[in-house]
Every structure is written in structure tokens, then in C-alpha cells.
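Every number here is computed from the coordinates shown, using simple stated rules; none is lab data. Bear in mind the structure is a predicted one, so any value in this text is a computation, not a measurement. Here the Cβ positions follow ideal geometry from the backbone for every residue, glycine too, while neighbour counts run over all protein chains shown.
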Amino acid sequence: MSAITATTYLFEKGDHIIAGKDIYGGTYRLFADILAHQHLEFSFVDMLDLDALRAAVRPETKGIWIETPSNPLLHVTDMAAVCQVAGEAGAITIADNTFCSPYLQRPFEHGVDVVMHSTTKYLKATPMLSEAAW
């Protein structure tokens, strides 16, 4: 969760961030219950529905959070299409690539601006150490 929290320092009070409605539960709670109280605004949409994503964009939208495949439902978001929507809105994209790891998926190749991984999962042999990378 520290890498996710670190990425939120890219935003300022009143900024709006769009995320998938089926993101990892810990991330959802961080966004909806903790960071929303720190004056960041979040909308949660079906990231498979680009029309819903476009409809959620507003002038304060500064970021779009991508988690693909989503955890635990394994929905696969079209990262390039989401990056195009973000570019049109003047927003950055952030991808949590923990579930796939850089071995299987490289979000930068699809136009994502910031990529983060929870290194306590699939990037190492032992989950006993706590690390994060972005």
C-alpha cells in the first residue's frame, strides 16, 4: 500500500481521480475511506466501458488509476484506450501492475505515465519483507 500512497502525492487538494470499481479491496478502501477525507475526490467506474470512463471525466480530473487485470475479478482494461481518454482530459495514468508483474505486462509500452508494483507479491521469492516500487 505504500507505493499506492506514494503515487497520490502527485495530486493536490480538490483533484479528482477515476479508478475501476473492481480494484483491489485495500486500494478501494484507501481511496474511498482515507484519501477522500484528505480532500482528494474519487469516482469508481467500469473500466471496460470507455463511455462510462469518459462520462466520469470532469475539469478537476487529474488522474486515472488502472489495475489490469483487476484483482480479484481479472477484468482486463484496454490500457492504450484509457491512456487516450486521459490524454484528452489532461490527466495522468497510473497503473498498479502488481498482479501481472513486469514479466507479463509492461504498462509503459501502452502509454501509462506511472507504474507501481507491490514488491511483496510476485517480484520476489519471499513475501516476508515489505517493499514497494514505482
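Helical content of the chain, expressed as a calculated mean residue ellipticity at 222 nm, amounts to -6000 deg cm²/dmol (DSSP H runs of 4 or more residues, -39,500 (n - 2.57) each, divided by residue number, nearest 500). Among the GluC sites (Glu not before Pro) in segment 2-89, those located in a DSSP loop and surrounded by at most 16 other Cβ atoms within 10 Å of their own Cβ are 12, 60. Here the chain carries DSSP beta bridges of which approximately 5% are antiparallel, counting only pairs with both residues inside. Available extension along the chain between residue 74 and residue 51 is 6.2 nm, counting 0.36 nm per residue and deducting the alpha carbon span. Take the alpha carbon gyration tensor of segment 18-73, find the square roots of its eigenvalues, order them as a ≥ b ≥ c, and report rounded if a/c is under 1.5; if not, report prolate when a/b exceeds b/c, else oblate. Note, shape of segment 18-73 comes out oblate.
For segment 2-116, a simple Cβ point-charge model (Lys and Arg +1, Asp and Glu -1, everything else neutral) yields a dipole of about 180 debye relative to the Cα centre. One chain, two ends: residue 60 and residue 1. Fully extended at 0.36 nm per residue, the span grows by 18.8 nm beyond their Cα-Cα distance. Residues 22, 15, 33 in ascending order of nearby Cβ atoms (within 10 Å, fewest first): 33, 15, 22.
Taking trypsin sites (Lys or Arg not before Pro) in DSSP loop conformation with at most 11 other Cβ atoms inside 10 Å as exposed sites, the chain has its longest uninterrupted site-free stretch at 14-123. In this label model, residue 29 and residue 88 are separated by 3.6 nm, measuring between points 7 Å along each Cα→Cβ vector. Considering only 31, 85, 42, whose Cα is most displaced toward the positive end of the charge dipole of the chain, charges sitting on Cβ of Lys, Arg (+1) and Asp, Glu (-1)? Of the candidates, 31 comes out farthest on the positive side.
Expressed per residue, the C-alpha convex hull volume of the chain stands at 95 Å³.
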